[in-house]
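The values are calculated or read from the model by the stated rules, or taken from the named source; none is laboratory data. Here the structure is a predicted model, which is why all the values come from computation and not from measurement. Ideal geometry is used to build each Cβ from the backbone, glycine not excepted, and the neighbour counts take in all protein chains shown.
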Amino acid sequence: MSLRLLQHRGADGTLSVVAAQGERAAVVPGATSVRALALAAIEAGQRLAQAVEAAGEGAAIDLQAEFAAGRFVSPISHEDPAHLVMTGTGLTHLGSAEGRDKMHREAASAETQTDSMRMFLEGVEGGKPAAGKAGQQPEWFYKGDGTQLVGPGEPLAMPAFAQDGGEEPELAGIYLIGPDGTPHRLGLCLANEFSDHVTERHNYLWLAHSKLRQAALGPELLVGEAPRDVRGASRIVRNGETLWEKPFLSGEDNMSHSLANLEYHHFKYALFRRPGDIHVHFFGTATLSFSDGIRTQEGDVFEIEAAPFTLPLRNPLAREAAQAVTVGVL
């Protein structure tokens, strides 16, 4: 049975770690955060699951009741949000080129492959190299730091200047950089990578702009070996009714890249191996409502669910107020 870790915010603001297997859940004694628990595991030479077992079992937790009460926050955090880095890779899933190719074909002739299709096909050919080998590098993008991370139930807010706020249902890898600079994968989370697809469609060179948005993580961190086949659903609810719904597939069996290859091409850069930092890395998706002609509105609710996660990720869409930006000269 899969071990999941959650971060629980008590009525007094105290943060604690909850370990869950199935519907059975309990507080992990002495753990003040998932990051602190992971650092202790690295120091003790333990796997994260071993550290949880060694800590014993605290008070029982009713998962569904605490989730309904909104007491589960993002399952990973850093005391200094500047040391939590959010990045991602695209065109990594079988079928993921279709929507992106449609988006960018307006800028290409009918006889010309888009850059998206070329990158996708290169990933299909070389994205799953033999163990210990580096394969084709994927599309890569930066999303922001920990100030952009949104927890379950919280609004996903697009900037006032955004042209679109669209969901991207994904798995995200959660990593902690050890004291010696070694990246450690703590586990996987359900995620909504959240992008501005209208901005991206205008010109592919605006991809970087379209990705500088908030992103949400589901309440559970799935610990241990990554499942190869993850199946669930992504939907948009408007005024209490389902506006759009589609199957959500992930895991290596549904991907053109291996996780190891995506991890190598991210952590090959020394600046991403700074001891103590947290990395949230989004692995991509093949499921977008935007590709089906859906235009989201403020108040829409994004819902993502997939086994072996037991709790869904839900976030309403909001828009931030406009802010004046001035640059002074010293």
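Would you confirm whether any residue within region 309-322 is under 20 Å from L149 (Cβ atoms), in a loop (DSSP other than H, G, I, E, B), among the hydrophobic types (A, V, I, L, M, F, W, C) and in the same structural domain as V150 (by TED's automatic domain parsing)?
As a first pass, look at region 309-322 and keep what is under 20 Å from L149 (Cβ atoms): 309, 311-320.
Next, from what is left, pick out any that are in a loop (DSSP other than H, G, I, E, B): 309, 311-312, 320.
Add one more test, that the residue is among the hydrophobic types (A, V, I, L, M, F, W, C), and what stays is 309, 311.
If we keep only those that are in the same structural domain as V150 (by TED's automatic domain parsing) as well, we get 309, 311.
The answer is yes, given that some residue of region 309-322 is under 20 Å from L149 (Cβ atoms), in a loop (DSSP other than H, G, I, E, B), among the hydrophobic types (A, V, I, L, M, F, W, C) and in the same structural domain as V150 (by TED's automatic domain parsing).
Assess whether A172 counts as being in contact with a His (Cβ under 8 Å, 6 or more places away or on another chain), crowded, with 23+ Cβ neighbours inside 10 Å and within 21 Å of F67 (Cα to Cα).
When the stated conditions are applied, A172 passes them.
Could you please give the count of residues in region 201-230 that are in a strand (DSSP E or B) and more than 20 Å from G88 (Cα to Cα)?
Within region 201-230, the subset in a strand (DSSP E or B) is 215-217, 221-222, 230.
After this cut, where a residue has to be more than 20 Å from G88 (Cα to Cα) as well, the list is none.
Of the residues in that region, 0 qualify.
With respect to E298, is the statement that it is touching a Lys or Arg at 6+ places or on another chain (Cβ under 6 Å) and part of a loop (DSSP other than H, G, I, E, B) true?
Yes, satisfied.
Check every one of the strands (runs of 3 or more DSSP E) wholly within region 1-41 and list those with 2 or more residues that are of a type in the set (S, T, N, Q).
15-21
Answer yes or no: is there a residue in region 251-263 that is charged (D, E, K, R) and within 20 Å of P159 (Cα to Cα). Give the steps one after another, and end with the answer.
Let us first name the residues in region 251-263 that are charged (D, E, K, R), namely 252-253, 263.
Subset that is within 20 Å of P159 (Cα to Cα): none.
Checking region 251-263: not a single residue is charged (D, E, K, R) and within 20 Å of P159 (Cα to Cα).
Report yes if L48 is at positive phi, crowded, with 16+ Cβ neighbours inside 10 Å and not charged (D, E, K, R), otherwise no.
It is false that L48 is at positive phi, crowded, with 16+ Cβ neighbours inside 10 Å and not charged (D, E, K, R).
Return the residues of region 254-270 that are touching a strand residue (DSSP E or B) at 6+ places or on another chain (Cβ under 9 Å) and part of a helix (DSSP H, G or I); say none if nothing qualifies.
Our first condition is that a residue be touching a strand residue (DSSP E or B) at 6+ places or on another chain (Cβ under 9 Å); within region 254-270, this holds for 254-257, 259, 262-263, 265-267.
Within region 254-270, N254, L259, L262, E263, H265, H266, F267 meet the criteria.
Would you confirm whether or not region 130-139 contains a residue that is assigned to a strand (DSSP E or B), touching a residue at least 40 places away in the same chain (Cβ under 8 Å), of a type in the set (D, E, K, R) and surrounded by fewer than 24 Cβ atoms within 10 Å (Cβ to Cβ)? So that I can check it myself, show each step before the final result.
First, pick out the residues of region 130-139 that are assigned to a strand (DSSP E or B): 139.
Imposing the further condition that a residue be touching a residue at least 40 places away in the same chain (Cβ under 8 Å) reduces the set to 139.
Adding the requirement that they be of a type in the set (D, E, K, R) leaves 139.
Cutting the leftovers down to surrounded by fewer than 24 Cβ atoms within 10 Å (Cβ to Cβ) gives us 139.
There is at least one residue in region 130-139 that is assigned to a strand (DSSP E or B), touching a residue at least 40 places away in the same chain (Cβ under 8 Å), of a type in the set (D, E, K, R) and surrounded by fewer than 24 Cβ atoms within 10 Å (Cβ to Cβ).
Could you list all residues from region 34-45 that are within 29 Å of A65 (Cβ to Cβ) and either surrounded by fewer than 18 Cβ atoms within 10 Å (Cβ to Cβ) or touching a Phe, Trp or Tyr at 6+ places or on another chain (Cβ under 6 Å) (or both)?
Scanning region 34-45 gives A36, A40.
Among the numbered criteria (1) loosely packed, with under 15 Cβ neighbours inside 10 Å; (2) in a loop (DSSP other than H, G, I, E, B), which one does H78 miss?
(1)
Residues of region 175-211 being surrounded by fewer than 24 Cβ atoms within 10 Å (Cβ to Cβ), within 28 Å of E245 (Cβ to Cβ) and hydrophobic (A, V, I, L, M, F, W, C), which ones?
Matches in region 175-211: V198, L207.
Looking only at region 277-292, decide whether some residue is in a helix (DSSP H, G or I) and crowded, with 19+ Cβ neighbours inside 10 Å.
Taking every residue of region 277-292 in turn, at least one turns out to be in a helix (DSSP H, G or I) and crowded, with 19+ Cβ neighbours inside 10 Å.
Out of region 305-330, which residues are more than 22 Å from P159 (Cα to Cα) and β-branched (V, I, T)?
Of everything in region 305-330, those that are more than 22 Å from P159 (Cα to Cα) and β-branched (V, I, T) turn out to be T310, V329.
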